[in-house]
Structures are given as C-alpha cells and as structure tokens.
Amino acid sequence: MKKYISIWLKLSFLSFQIALASRFGAALFLFGKVIRFGFFLIFLFILEAKTKTIAGFSLWQIIFFFATFNLIDSLTQFFLREVYRFRSYVVSGSFDLILTKPISPLYRSLFGGSDILDIPMLILSLGFMFVAASNLPSVSVFNIFLFFILFINAMVIACAFHILVLSIGILTTEVDNTIMLYRDITQMGRLPVDIYKAPVDSIITFIIPIGIMMTFPAKAFMGILSPGFVLLAICIGVIFLFVSIKLWNFALTKYSSASS
Amino acid sequence: MNKYFLVAKNTWEEMLTYRLNFFMWRVRVILQILTLYFLWLAVLPKEGSLLGYSQPQLLTYILGTALLNSIVLSSRSYAVGDDINQGNLSHFLLLPMNYFLYWFAKDLGDKAMNIFFAIFELVVLFVILHPPFFIQTNLILIFLFAISSLIALGLYFLLNLLLGFIGFWSPETWAPRFIFVTLLGFFAGGLFPLDILPKPVFTILSALPFNYLLYFPLKIYLGQLSIFQIIIGISVSVFWLIALYKLLAVVWLRGLRRYTAQGI
C-alpha cells in the first residue's frame, strides 16, 4: 500500500510538472473550465427565474445536484486522467513496459498521472455545495453520513467505468471516443435523473448507473432517498466494479503488443 | 476543382477508416441531443409557453441545432494549428493548391458525412420519440434559413482557421480552442435560444458572429423574426464574413513571415 501511494505521489508530481510546463495553456484550460461551470449555472438561474422549480426541485436543490456532479466529475478526472493517455500506450506498444514493471498494470493505467488543473474545479464545486447546502432545510448527521457512503460508491462506479474503457482500449485500440462517451453519458447527471421520463430515468439509474453516481448522493444528503435504494446502490457499485475487473483480466489475455 | 473534390472524397473515406471510432462519435452526438431534448421536455409545459416558446417551437429549436451542428460546426480544419507547429505546412506551400480551399474541401467532406448520418439519426429519433415538431411551410423563410446556414458555415470555417493560425505564434493551439468551443456552446445558442437571456446581454451577443452560427438561422426557420430583422441579421453576418476573411488574409501573410518549418 505504502509503495503504491509513493508511486502515485511521484507520478502525480511529474504530471503536474508537465501540465505547468506551459503556464499560459494551463491558465487558459482552467479559465475554460470555470466559464463552462459558470455558463451552466447562469442557464439554471435563468430557467429557475421563469419556472420557479425545475421538475419539482428548488433552485438551491438543483445547484446542490449540479455542484455534487461537478465534484464527482472533477475528482474522477483528477485521479484517473491517465486513462485519457492509455490509447497511445496500446497502439505504440509502450504498454509492454507497464506490464513488465513490478506494480499492478491496472493501477498504473488508472492512477499514472493526476491532473492539477482539476484542483480549482474541486474547490469551486465544494464551495457551491457548501453555499447550496446552507440554503437547504436542515440536514441531519445521518443524511451527511449516507452522502459520504454514496459519494464513495460513486467513485467506485466511476473507477469501474474507467476500467471498462481501458479494457475496451486493449480489445479494440479505441479509447478516445469511449472515454468521451462516458463523459457525455455522465453529463446527463448534471441535473437529477428524475427529470428524465421513463424509461430513460430507469436506464440511466440502474443499467448505466449514472443516477446512482451523480443523483443518489445529493438525494441522500437532502433526505429524499429511501434506505432500500442506498443498499441497492452499493450492491450495483460492487457488481459493476467486479464485472469491470473481470473484463480487464480478460482483455489482458487478448493484448497483442502492437508495434513492438 | 477536381483536386478539391478528391480532397473532400478522401476526407469522407478517412472518416470511415476507424469505424468503431466513427460509430462511437455518432453515439455521442445522439446522446448529446437526447440530454438536451429530455431536459427541455421536463421543464416545458405541454400547453402555453415558456420563455416565449411553445413546446413544439423549443423542441424544434433543440432538434434543429442538432442538424445545424452537423452542417455548420462539423469540421476538420481544427488541425491547422498542428499542421503549422509540426511543419506540415511546408508541404502544402510547395503544392499547386490553395491552402484555404484545401481545408474548406476537407470541411465539406466532413460535413457531408455528418449531414448524411444526422438526417438518418434524426429520422430514427422522430420515429421513436414522436416529438411535437414545428414544420415551417413558408418557402421564403426556408430559403432565408438556407442562406443564413450557408453564411454560418462560412463564418465557422473562417473562425476555425483563424484559431489554427495561432500556431504561427504559439505552440499552444488547443487551449484557445477549448475556450472557443466552451464559448461557442453558450454564445451560438446550442444550449438554449439566446433571446431568453437578459436584453442587454442579448443585444451585445447580437453584434458578435457566434449568434449567427446556430441561433439566427433557427429563429428564421421558426418564423419568429420579421423580414426587417432577417435583413439586418444577414447584413451583420455578411459583414462578419467579409471582416473575418480580410483579417484571415492579413494574419496568414504575417504568420507566413514568422513560419520556420519547425518540426521537419
């Protein structure tokens, strides 16, 4: 465990140095992320001003959902940014070098380089969550506890999604659009998945568990999620992770060491 | 002319080389349409109107942006900056070919492919979702919609090329493009019709070229603009077309003076 933390720290430090090599570019990327966040927030304010509620949720509830989505999304990108670089390792044959190292290739492929540019977005999301939460009706300690449980579950599901992307990357050499497809699907969780009509809401909750990832933690925080759903969410998270690791192990047996 | 046709045709074939990649891209496009469609469907009342739009009008606007996206915003010329930074531009400077027309032909190849699939996908979505849809029957408005869409296509091409030319001065071409795409998502009207914004903000946006990429053509289609407003809008967009072309010519000549064929 200690070895893996030390490797993560080392690789993240190197990744930070690369990201900051072009400070102008890093600043522009950061600016872009902030205005994207701001624009969607403006859109929500305009919508709420005209409709008073969005699908039955108040403005502060909607902002809490949106900020929770951003926190999970940014944290996932912060830790798992290496997945976006995985295709080049597979098509160039560099993945051979990762396989021969005395560390788990899955760990290296997932956590091989954190993205410093996501840190300001994490802080921004936390800030908005705090402001929105202070405008919500009183929240119990138990609800906060459930929020943390489901938040960890969301990170497990996000990790499972990324393992699936890596596995597809080995099997097909396609990563870029698959990871962006994941990003597009998760965008449906910017707002509570309850706003989508049946059967879309069920599909993106139980089959592609975006709702469990993005909506359930915020709902638990607000005390509008039944305990049965909490248990179901954890079961789905564990099963999803198990299946993705099985697929990864299968994909490794099909790796053909291209270009080497 | 034949050579540019071949460039467009080759682009079409290039896109089909990595078929899984292409399939994933189309799935993403459908997903983006569905996300916005269901969002608006949830907030719009079935009867009456919201923000000055009836449900059929706003859903037509959202589905219309999907089609217009494939006509206007699909492009290959995003790679111009890399061409400059990697020294590939030198190759084109030696060819008996206009560099601008080369990229325009590539863009057209890309657009043809995107339009073909977008129409197919929208038909499938219509069959599945049965969305309330506003069908414009006024031929003059349809003609003006087509004209403004063609102007939008030209505007986007010039803006895209201009961004790529940053490569003459800086190796950092992707970060400005990221900001451009983010701004475009908001200012072009892809997320929502721009006239729901406060009036002063909308007035400022009306003077910028982004407004004429998606929002303006779709407003013409929906029949929500008077002939006078359409004439003013087309005049402003033509002004931007000419101004951006002139600016592009100046930037291109200055850029060539700085070009060092780095990377060869």
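The values are calculated or read from the model by the stated rules, or taken from the named source; none is laboratory data. This one's a predicted model, so the numbers in the text were calculated from it and none came from an experiment. Positions of Cβ are generated from backbone atoms using ideal geometry, with glycine treated the same way; all protein chains shown enter the neighbour counts.
Quick notes on this one:
- The residue of the stretch B:220-264 that is nearest to the chain's Cα centre (by Cα), among those that are more than 20 Å from B:LEU208 (Cα to Cα) and of a type in the set (Phe, Trp, Tyr), is B:TYR221.
- When residues of the stretch B:20-59 are limited to those that are modelled with pLDDT under 80 and either of a type in the set (D, E, K, R) or not in a loop (DSSP other than H, G, I, E, B) (or both), the one farthest from A:LYS52 (Cα to Cα): B:LEU20
- Of the helices (runs of 4 or more DSSP H) lying entirely inside the stretch B:67-150, the ones with 3 or more residues being crowded, with 19+ Cβ neighbours inside 10 Å and of a type outside the set (Lys, Arg) are found at B:80-85, B:99-129.
- Among the residues of this structure, A:ILE62 does not count as one that is within 14 Å of chain B (Cβ to nearest Cβ) and over 21 Å from the mean Cα position of the chain (by Cα).
- Within the stretch A:164-179, residues that are closer than 13 Å to A:LEU247 by Cβ and within 11 Å of chain B (Cβ to nearest Cβ) reach partners that are among the hydroxyl-bearing types (Ser, Thr, Tyr) and outside any helix (DSSP H, G or I) with beta carbons closer than 9 Å, at six or more positions or on different chains, in the pairs A:LEU171/A:TYR255.
- In this structure, B:LEU129 does not qualify as of a type outside the set (Phe, Trp, Tyr) and within 26 Å of B:PHE100 (Cα to Cα).
- Wholly enclosed helices (runs of 4 or more DSSP H) of the stretch A:33-103 bearing at least 2 residues modelled with pLDDT of 85 or more, among the hydrophobic types (A, V, I, L, M, F, W, C) and within 17 Å of A:PRO217 (Cβ to Cβ): A:59-80
- Residues (surrounded by fewer than 16 Cβ atoms within 10 Å (Cβ to Cβ) and assigned to a helix (DSSP H, G or I)) located in the stretch B:195-237: B:LYS199, B:PRO200, B:VAL201, B:PHE202, B:THR203, B:ILE204, B:ILE227, B:PHE228, B:GLN229, B:ILE231, B:ILE232, B:SER235
- Evaluated against (1) part of a helix (DSSP H, G or I); (2) surrounded by 20 or more Cβ atoms within 10 Å (Cβ to Cβ); (3) within 14 Å of chain A (Cβ to nearest Cβ), B:TYR156 falls short on exactly one condition, (3).
- Within the stretch B:166-182, the set of residues being in contact with a Lys or Arg (Cβ under 9 Å, 6 or more places away or on another chain), assigned to a helix (DSSP H, G or I) and not β-branched (Val, Ile, Thr) comprises B:PHE168, B:PHE178.
- Conditions (1) hydrophobic (A, V, I, L, M, F, W, C); (2) buried (at least 16 other Cβ atoms within 10 Å of the Cβ); (3) closer than 22 Å to A:LEU164 by Cα; number of the one not met by A:ILE239: (2)
- Restricted to the stretch A:194-209, and to residues there that are in contact with a helix residue (DSSP H, G or I) (Cβ under 9 Å, 6 or more places away or on another chain) and of a type outside the set (A, V, I, L, M), the residue that is nearest to the other protein chains (Cβ to nearest Cβ) is A:TYR196.
- Residues in the stretch A:10-25 that are facing another protein chain (nearest Cβ under 8 Å) and either of a type in the set (Asp, Glu) or crowded, with 17+ Cβ neighbours inside 10 Å (or both): A:GLY25 only.
- Here B:LEU16 meets each of (1) more than 10 Å from every other protein chain (Cβ to nearest Cβ); (2) surrounded by fewer than 16 Cβ atoms within 10 Å (Cβ to Cβ); (3) out of contact with any Phe, Trp or Tyr (no Cβ under 7 Å at 6 or more places or on another chain) with one exception, condition (3).
- Boolean, B:ARG26 is among the basic types (Lys, Arg) and within 14 Å of another protein chain (Cβ to nearest Cβ): yes
- Yes/no for A:THR186 being surrounded by fewer than 18 Cβ atoms within 10 Å (Cβ to Cβ) and either within 14 Å of another protein chain (Cβ to nearest Cβ) or touching a residue at least 60 places away in the same chain (Cβ under 8 Å) (or both): no
- Residue match in the stretch A:165-186 (condition: in contact with a Ser or Thr (Cβ under 6 Å, 6 or more places away or on another chain), within 30 Å of B:TRP40 (Cβ to Cβ) and of a type outside the set (Ser, Thr, Tyr)): yes
Results for (1) at positive phi; (2) assigned to a helix (DSSP H, G or I); (3) touching a helix residue (DSSP H, G or I) at 6+ places or on another chain (Cβ under 6 Å), shown as yes or no for each residue.
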{"position": "A:PHE216", "(1), (2), (3)": "no, yes, yes"}
{"position": "A:LEU225", "(1), (2), (3)": "no, no, yes"}
{"position": "A:VAL243", "(1), (2), (3)": "no, yes, no"}
{"position": "A:ASN249", "(1), (2), (3)": "no, yes, no"}
